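Below you'll find the structure, written out as structure tokens, and then a few comments.
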Amino acid sequence: MHTRTGKKWSSDVTDHSDALDLKKDIFKSDNPKNIAQSLKISAQRSHRRKANPFRSALSMLTFYINRAGTNLPASRRKT
């Protein structure tokens, strides 16, 4: 049985991904280049990912935008 902790499941996926070890709070950065670079490095270093590094990084970014990033302001979504 699952107990409700108040934390969204998407946040848990971002924090505990089986594919990538992400830098803490990387998606809070205002610099898209830093986010992309961090995702790339994480994907290249991961030994648990199931796809190639580029695909794994893009998958995590897409997940964040579609799920965890639903409350992003329009300016951040556009970037």
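The values are calculated or read from the model by the stated rules, or taken from the named source; none is laboratory data. These numbers come from a predicted model, not from an experiment. Neighbour counts are summed over all protein chains in view; Cβ atoms, including those assigned to glycine, are modelled from backbone coordinates with ideal geometry. When the accessible area is computed, the model is the full protein with side chains, heavy atoms only, and any ligands, DNA or RNA have been set aside. Shrake-Rupley method; radii C 1.70, N 1.55, O 1.52, S 1.80 Å.
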* List every residue pair whose Cβ atoms lie under 6 Å apart, where the two residues are 6 or more positions apart in sequence or sit on different chains, the first residue falls within the stretch 48-61 and is open to solvent by 80 Å² or more (accessible area, probe 1.4 Å), and the second residue, located anywhere, is assigned to a loop (DSSP other than H, G, I, E, B) and among the hydrophobic types (A, V, I, L, M, F, W, C). => none
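Return yes or no: is L39 modelled with pLDDT of 75 or more, surrounded by 16 or more Cβ atoms within 10 Å (Cβ to Cβ) and in a loop (DSSP other than H, G, I, E, B)?
Numbers: modelled with pLDDT of 75 or more: yes; surrounded by 16 or more Cβ atoms within 10 Å (Cβ to Cβ): yes; in a loop (DSSP other than H, G, I, E, B): no.
When the stated conditions are applied, L39 does not pass them.
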* For Q44, work out the one condition from (1) at pLDDT 85 or above; (2) surrounded by 16 or more Cβ atoms within 10 Å (Cβ to Cβ); (3) of a type in the set (S, T, N, Q) it doesn't fulfil. => (2)
* Taking interchain pairs and intrachain pairs at least six residues apart, which have beta carbon atoms under 9 angstrom, with the first residue in the stretch 11-32 and assigned to a loop (DSSP other than H, G, I, E, B) and modelled with pLDDT under 75 and the second of a type in the set (K, R) and open to solvent by 50 Å² or more (accessible area, probe 1.4 Å)? -> S17/R48; D18/R48; D18/R49; D18/K50; A19/R48; A19/R49; A19/K50
